[in-house]
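The values are calculated or read from the model by the stated rules, or taken from the named source; none is laboratory data. Computed from a predicted structure; not experimentally measured. Note that each Cβ is placed from the backbone with ideal geometry, even for glycine, and that neighbours are counted across all protein chains shown. Heads up: the accessible areas ignore ligands, DNA and RNA and are worked out on the full protein's heavy atoms, side chains in. Shrake-Rupley method; radii C 1.70, N 1.55, O 1.52, S 1.80 Å.
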Amino acid sequence: MSDPDVHGTARAGFERVADAFRRGFDRRPTMGAAVSVRIEGETVVDLWAGIADERDGRPWQDDTASVIFSCTKGLMSILVARLVEDGRLDYDAPVSRYWPEFAAAGKKGVTVAELVSHRAGLSALRQPLALDDLLVWGTVPRLLAAEEPLWEPGTGYSYHALTHGWLTGELVRRITGEQPGAAFARLMRPWASDVWIGVPQSEEHRVAHLQLSESQRAAARASEAEPVRWNLLASTLGGALPAELATPDGGFNDPRVHAAQLPGAGGIATARALASIWSATVTPTDGVRLLSDDTLDAALVPMSSGEPVFPTPGPWPVWARGFMVRTAADTLLGPRSFGHDGAGGQLGFADRDAAVGFGYVTNWMEAGDRRSADIVDALRTALA
């Protein structure tokens, strides 16, 4: 397709997907974004447009990457599921089998399935942290291992906004002997050059600069005013990160955060890499199939739904063993979709029935918007 602002390709029959992507830029003149869709391993949509950095007007390119926030949890859940497939990890086993120190403070019986589905009682730390505590791997896992759960594990759930990444990442490290970013990169070949948990300095120039809409700022103000402090601590760790997630030069706009391994929210990827990885969970893609159907059956058992331990407004997502199987905004393709969304509008998922892999990333952060949902709606219509 030819358009002065939107670049890339959309196959015949997917014009509505391209139109929905283009509409996402309405009244957002400094936004940048990309979307990629693969079906049965073949790319049918690959589009990008807009501004990667509003400070200097740098345009979004085909290889521009962006922070994907909690979409990173979905990628880590693929890594965990692969360890299950390889026989190195058991969802029903206690976490302490692999990470003995985790048994402290009443957590001996917490299973891997409970850990990855936000049921471990460790959504926040009682001890406030500083940014420097997040930049070196061992600090947060050590504190989480020693922490007494905020509620009885397994009896309910609350979203582990940041801690989920250190919990799954340390589990991966104990089993593989590798830092999670390295284990992830090894598994994600041939796409590892476009998706990272801990971006190398040589690729920092490709990372888009995040911008906050008023809706994102309002959501941050609302979280700071909530009477239940645990939800705010879950996303800030007591001041290590800002409630709005990014400032012009801080939070997830800080190159030190980009380089650190924050597997709960700090992944950086292109839309093309996201779509390819999710495609490979359900169908051979670029010669790779990441997960078998039997592994997916085990990984996609619903675990957490309904009102959480620390109340948040509904509707609520549904989590399986690390994967979202329904988002709060119902942005997935159908009942056999699974993946994870991310703050500000990011989305990555697969669909088992349609053999779809989908990735959408943007640097224009909004709360509760429908940019990705509208694209998925258009994709659903195209497939029908």
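Observations on the structure shown:
- Portion, in percent, of the accessible area of the chain that falls on carbon or sulfur, probe 1.4 Å: 50
- Average projection area in nm² (convex hull over Cα atoms of the range 52-101, one quarter of hull surface): 6.1
- Restricting the calculation to Cα atoms, the range 1-118 shows an Rg/Rh of 1.18 when the hydrodynamic-style radius is the Kirkwood one.
- Reduced Cα scattering model of the range 164-315, Debye log10 I(q)/I(0), q = 0.10, 0.13, 0.15 Å⁻¹: -0.47, -0.79, -1.03
- Dimensionless Rg/Rh of the range 229-313 - Kirkwood Rh, Rg from C-alpha atoms: 1.08
- For the range 216-278, the orientation-averaged shadow of the C-alpha convex hull comes to 5.3 nm² (one quarter of the hull surface).
- Averaging 1/r over every pair of different alpha carbons in the chain and inverting the result gives a Kirkwood radius of 20.5 Å.
- For the pair Glu148 and Asp86, a Förster radius of 41 Å applied to the C-beta separation gives a FRET efficiency near 0.80, rounded to the nearest 0.05.
- Distances between placed amide hydrogens fall under 5 Å for Ala246 paired with Phe252, all partners being 5 or more residues away or on another chain.
- Each residue, Glu224 and Ala105, gets one label point 7 Å from its Cα in the Cβ direction; the gap between the two is 2.7 nm.
- All Cα pairs of the range 136-214, percent lying beyond 16 Å: 65
- Chain lengthening between Arg206 and Arg189 when straightened (0.36 nm per residue, less Cα-Cα): 4.2 nm
- A simple packing score, the average count of other Cβ atoms within 10 Å per residue, orders the peptides 149-161, 368-380 as 368-380, 149-161, with the highest score first.
- Amide H contacts of Tyr157 (H built 1.01 Å from N, under 5 Å, at least 5 apart or other chain): Val309
- Couplings 3J(HN,Hα) for the range 32-44, derived from phi with the Karplus relation 6.51 cos²θ - 1.76 cosθ + 1.60 (θ = phi - 60°), are x, 6, 8, 9, 9, 9, 10, 10, 6, x, 9, 6, 10 Hz, where x marks Gly and Pro.
- Highest average first, the peptides 253-266, 275-288 ordered by how many other beta carbon atoms sit within 10 Å of their residues are 275-288, 253-266.
- Here the range 310-384 and the range 214-280 have alpha carbon centers that stand 17 Å from each other.
- Computed over the range 293-335, Cα set: Rg, Dmax in Å: 11.3, 35
- Whole-number accessible area per residue in Å² for the chain, which is evaluated in the context of all protein chains at 1.4 Å: 37
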